[in-house]
Amino acid sequence: MASMLQPQIILLKEGTDTSQGKPQLVSNINACTAVADVVRTTLGPRGMDKLIHDEKGNTTISNDGATIMKLLDIIHPAAKILVDIAKSQDSEVGDGTTTVVLLAAEFLKEAKPFIEDGVHPQNLIRSYRTAGLLAIEKVKELAVSIEGKSLEEKKSLLAKCAATTLSSKLIGGEKDFFASMVVDAVLAIGNDDRLNMVGVKKVPGGTMRDSFLVDGVAFKKTFSYAGFEQQPKKFVNPKILLLNIELELKSEKENAEIRLSDPSQYQSIVDAEWNIIYDKLDKCVKSGAKIILSRLAIGDLATQYFADRDVFCAGRVTEEDLHRVAAATGGTIQTTVNNVIDEVLGSCEIFEERQVGNERFNIFSGCPLGQTATIVLRGGADQFIEEAERSLHDAIMIVRRAVKNSTVVAGGGAIDMEISRYLRQHARTIAGKSQLFINSYAKALEIIPRQLCDNAGFDATDVLNKLRQKHALPSGEGALYGVDINTGGIADSFANFVWEPAVVKINAINAATEAACLVLSVDETVKNPKSESAQGEAAASAMGGRGRGGAAFRGRGRGMRRR
């Protein structure tokens, strides 16, 4: 009787939503699979694009896994993990974002039947981690180094890595044209790690083939005043002065007050203002600089003054462009025009203003330090140019990675099939349940070649059987065979120059395994929607109180007539 009268223990606030155990885990796996289904069709050279329309009315057409994941605005807590790994892959390596999401979802899909049969998730996690480490070791073993080659050879090898990345993008039709451009841009910035040293400028109009690379800096003509057209538009070996000050007459700040006893004193104040600005301009010209760029405004007076003295000036240059000019020309940005010495001036071989489409560009080429490059992109529609920029970002990241970690592996699903075969073989040497788990991990890796076939409209089962047979040859000659997108059969990916940096694969396997293990280790979700609504009510009542208070005392102190 006493046990029946024991009070019920209430641990969580009323209205708290808790779900736990096996159904919760299966639900999380289903959510992750649903997310992967969205980007599944974008994989590979024959991948489809997604058109995403957000709440602000902006339209984005993209093939890039990370961009799509960012724009999807996913609210499911477990599925958000896939968004995070796509972002991390994008920031770390640049490419392989769709691959990493697909792999993570496939690992979970393969784990689902085991979870439903009552296998403890920790056993799965342990086996997956082991399989992940073995897979990464195998990638490192299969990777081929491109170190020690001559510059020309290295260029062509890097161009092949860039072409592999670009083949799955919207600009895949012109991949060779853009691949060599990207390689030149990355090699131009040398060992500088800053990605913003490669500028990408977009000009609507023309065709993709009209895009060009400036070995230096290019930026759009800035806002200009009268007198700008009288300035020379081309210089050979000019000196360049970079400023961060305004060159115009400024009104006094903070309501400055001047008391005068004699009207003639007013003229002296006006003269002083003019003398200050003329003094600044005179010092700029005397420095010997022929090109003057400033982050702040250069007024109409200054523009005309420089035009009379055959000096080119541009005000309101964006900070990023100014820093890139400084890096390329060897100049230093000045915050004063006093004591401008030769050491702080930059230089370049040729400066010219050139018409690109309906925009005018200021172009600095033949820069001495040469640690920057600019790609000017042309194309029909704005969305198209935006997507081309995203594609080039991926290619630039890949080439940078390949320069730093100079090992490449065969693409086209070849490396995935080889790891899958190796793990299956290794699983046979293990006694116990983990043999099944490692086998399922190996099977999940086959999703990459399978999806490549599906997206290209080939018979995936048929192609995968051919690949399995080729990779199973005891001589190991089939290790480099992957899907041949052009014929629908199989081909030696390495010989066909379908390459990707080993670091892309290593990062993808690492991130996907970690994400799968993370989702598998969650067995309970606690959601407390009450607290959110409570905060909302509190805020509303506070606002209401303020409004009522205001209404009650309206009219006081306004000098209203007393009745």
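List of remarks:
- Assuming charge only on the beta carbon of Lys and Arg (+1) and of Asp and Glu (-1), the dipole of region 42-197 about its Cα centre is about 180 debye to the nearest 20.
- The angle between the Cα long axis of helix 175-188 and the main principal axis of the chain comes to about 60°, on a 0 to 90 degree scale.
- Accessible heavy-atom area order of GLU116, GLU141, highest first, probe of 1.4 Å: GLU141, GLU116
- Zone of LYS149's modelled label, taken as backbone nitrogen in region 465-507 under 17 Å from a point 7 Å along Cα→Cβ: 493-504
- For region 361-449, the percent of C-alpha pairs falling in each 5 Å distance bin, counted from 0 to the bin holding the largest distance, reads 3, 11, 11, 11, 13, 12, 10, 8, 7, 6, 5, 3, 2, 0.
- Eligible lysines near LYS56 by straight Cα distance, threshold 17 Å, same-chain separation 8 or greater: LYS70
- In plain terms, the chain from GLU343 to ASP462 could stretch by 36.1 nm, reckoned as 0.36 nm per residue minus the Cα-Cα distance.
- Taking a straight line from the alpha carbon of LYS140, these lysines sit under 19 Å away, with near neighbours fewer than eight places off in the same chain left out: LYS404, LYS505.
- Axis of helix 97-116 versus longest Cα principal axis of the chain: the two differ by about 30°, to the nearest ten degrees.
- Note on region 65-113: Rg/Rh from C-alpha atoms, Kirkwood Rh, equals 0.99.
- Charge-dipole axis of the chain as Lys and Arg at +1 and Asp and Glu at -1 on Cβ define it, positive-most pick from ILE485, ASN123, VAL186: ASN123
- Annotation: per residue accessible area for the chain equals 50 Å², rounded to a whole number [probe 1.4 Å, protein chains only].
- Label positions at GLU55 and THR429, each projected 7 Å from the Cα along the C-beta direction, are separated by 5.5 nm.
- Rounded to the nearest 10 degrees, the angle from helix 319-329 to the longest Cα principal axis of the chain is 80 degrees.
- Bridgeable lysines around LYS527 (alpha carbons under 18 Å apart, same-chain partners fewer than 8 residues away excluded): LYS13, LYS22, LYS80.
- Accessible-area value, ARG354, 1.4 Å probe, nucleic acids and ligands omitted, Å²: 90 Å²
- With every protein chain in place and a 1.4 angstrom probe, the accessible-area ranking of ARG209, ARG360, largest first, reads ARG209, ARG360.
- Shape category assigned to region 334-411 from the gyration tensor of Cα positions, a/c cut at 1.5: oblate
- Of the solvent-accessible surface of the chain, computed with a 1.4 Å probe over protein heavy atoms with every protein chain present, carbon and sulfur atoms account for 51 percent.
- Ligands, DNA and RNA aside, PHE458 has an accessible area near 50 Å² when probed at 1.4 Å.
- In the chain, helical runs assigned H by DSSP with n ≥ 4 each contribute -39500 (n - 2.57); averaged across all residues and rounded to the nearest 500, the mean residue ellipticity at 222 nm is -16000 deg cm²/dmol.
- Across the chain, the mean sequence separation of Cα contacts (distance under 8 Å, 6 or more residues apart), normalised by length, yields a relative contact order of 25 percent.
- In terms of accessible area, using a 1.4 Å probe and ignoring ligands and nucleic acids, ASP416, ASP484, ASP73, ASP210 rank largest first as ASP73, ASP210, ASP484, ASP416.
- Residue pairs exceeding 26 angstrom between C-alpha atoms, taken from LYS233/LYS286; LYS154/LYS221; LYS50/LYS202; LYS175/LYS221: LYS154/LYS221; LYS175/LYS221.
- For the chain, the spread of Cα positions along the three principal axes, ordered from largest to smallest, is 102, 89, 38 Å.
- Rounded FRET efficiency, nearest 0.05, which uses the C-beta distance separating GLN355 from LYS80 and R0 of 51 Å: 0.60
The values are calculated or read from the model by the stated rules, or taken from the named source; none is laboratory data. Computed from a predicted model, the values in this text were never measured in an experiment. Cβ coordinates were reconstructed from backbone atoms using ideal geometry, including for glycine residues, and neighbour counts include every protein chain displayed. Only protein heavy atoms, including side chains, enter the accessible area calculation; ligands, DNA and RNA are left aside. Shrake-Rupley method; radii C 1.70, N 1.55, O 1.52, S 1.80 Å.
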